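Trainee: My questions will all concern the structure given below.
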């Protein structure tokens, strides 16, 4: 097949919707050639028959490029543009509401509906001054608006929460090892500042294993 094929090399070149579609292909089939064909079809945006008509050596090379792309470990993306709207990451996680936390905790580890968690984390920026910005209030009725968000933002936020969980765990262990701590009921602000983050960490470990992303 002689044609120009746009092969993505960076995670910001593919969307969450594409990735979700590919995950379903992986779950439903175990034939490596079929999965390779669907990988090229989905991430390069071509028809299935066109993917099948690619020379085998070229198909192997394209699949390798895409597979290597998923080894990237992006930093947290503070903002991105989608459909001419700039979205910003929640500026202060301490300020999220109970409803936002429930949706974040429920869907962060659910690839079929992870866009709901992303809708909690990223909102349209309504006011910006330098590096500071204000975002819109959370709207659970707009859960699908980030279905085409870039995957570097998705992966970056997953790794951010995983590392946050590890950091909080290590800090607490160091504190317990060096202090005599009396058992007491935690104050509410501790809940906001990370108690319960283990709920994220457990599910994120599964995600990272599925992605073959190193946890370091």
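Trainee: Of all residues being in contact (Cβ under 8 Å) with a residue 40 or more places away in the chain and assigned to a loop (DSSP other than H, G, I, E, B) in region 84-95, which is nearest to residue 129 (Cα to Cα)? Just the residue, please.
Mentor: Per the criteria, the residue is 91.
Trainee: Next question, about the same structure. Would you say residue 6 is in contact with a helix residue (DSSP H, G or I) (Cβ under 8 Å, 6 or more places away or on another chain), part of a loop (DSSP other than H, G, I, E, B) and outside the structural domain of residue 150 (by TED's automatic domain parsing)? Working first, answer last.
Mentor: Values: in contact with a helix residue (DSSP H, G or I) (Cβ under 8 Å, 6 or more places away or on another chain): yes; part of a loop (DSSP other than H, G, I, E, B): yes; outside the structural domain of residue 150 (by TED's automatic domain parsing): yes.
Taking the combined requirement at face value, the residue satisfies it.
Trainee: Within the set of pairs 6+ apart or on separate chains, which have a first residue in region 6-32 that is without any contact (Cβ under 8 Å) to a residue 40 or more places away in the chain, a second that is outside any helix (DSSP H, G or I), and C-beta atoms under 8 Å apart?
Mentor: Hits for this filter: 6/45.
Trainee: Would you be able to say whether some residue in region 32-54 is surrounded by fewer than 16 Cβ atoms within 10 Å (Cβ to Cβ), part of a strand (DSSP E or B) and out of contact with any helix residue (DSSP H, G or I) (no Cβ under 6 Å at 6 or more places or on another chain)?
Mentor: Looking through region 32-54, none of the residues is surrounded by fewer than 16 Cβ atoms within 10 Å (Cβ to Cβ), part of a strand (DSSP E or B) and out of contact with any helix residue (DSSP H, G or I) (no Cβ under 6 Å at 6 or more places or on another chain).
The values are calculated or read from the model by the stated rules, or taken from the named source; none is laboratory data. Predicted, not measured: the structure shown is a model, and the values here were computed from it. In this analysis, Cβ positions are derived from the backbone assuming ideal geometry, glycine residues included, and neighbour counts consider all displayed protein chains.
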